[in-house]
């Protein structure tokens, strides 16, 4: 038909990764594709650590035709998705950027009280974004092109946890807490009584944030321990000039 869309075809490269001598998938790749569960993958990989297992199972020309109307509904060009399914780096990058822009638009709508738009299907759903990501990753696998564009990395990270996940927050808080204790000890060694508000100003955080880092009485104890590491001018005392042991330093850091 004249209006029938045309997409780039997905043809598996000859004798690619996870293939046999005929150019088709090897027995390990076939075994995984017949049951693409993590249980089956672990079994195959552990029992055959040197085997080539091609893992692409999502996407393809049939799926793209089926999803065309859904893609157009959210102003996503199916031809661009086809390019991503062929592992074209420029298509993957552009598609990743567009998806992130749509996520930003959805976030703005949500903050403005438009959460019902997502429920009514007027804002791009996570399941569509995730499907496109999976198609793209699988395309990178079956085309033997494992150079992941950074735009795709940012998109995947945003869908997983964002740029500031819980463990990252905890790690940074621990680091800042130590900085606060050290700075407090340095001030105390100079004869200045450190306060939470004072350190908050130095670290450019709210006083309540610094307060959360320390249990009752802990701030005073930690600054006292660290004060022994500095002279009256606030300079760090060389270990050769003091009786402070490495054990004491380790204790102060905890």
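For this structure, a couple of remarks:
- Once the Cα atoms are used to define both axes, helix 150-160 deviates from the longest principal axis of the chain by about 70 degrees.
- Look at the alpha carbon pairs under 8 Å that are at least 6 residues apart: their mean separation over the length of the stretch 54-160 gives a relative contact order of 40 percent.
- Seen against the Cα atoms of the chain and their longest principal axis, helix 89-111 is set at about 60 degrees.
- For the chain, the relative contact order is 15 percent, taking Cα pairs closer than 8 Å that sit 6 or more residues apart in sequence and dividing their mean separation by the residue count.
- Between the stretch 146-179 and the stretch 17-70, the alpha-carbon centres lie 29 Å apart.
- Relative counts (whole %) of C-alpha pair distances in the stretch 54-160, using bins that are 5 Å wide: 2, 13, 23, 24, 19, 10, 5, 2, 0
- With Cα atoms, 0 to 90° folded angle of helix 61-73 axis to the chain main axis: 60 degrees
Coordinate-derived values only; no laboratory data. In this text, all values refer to a predicted model and were calculated from it rather than measured experimentally.
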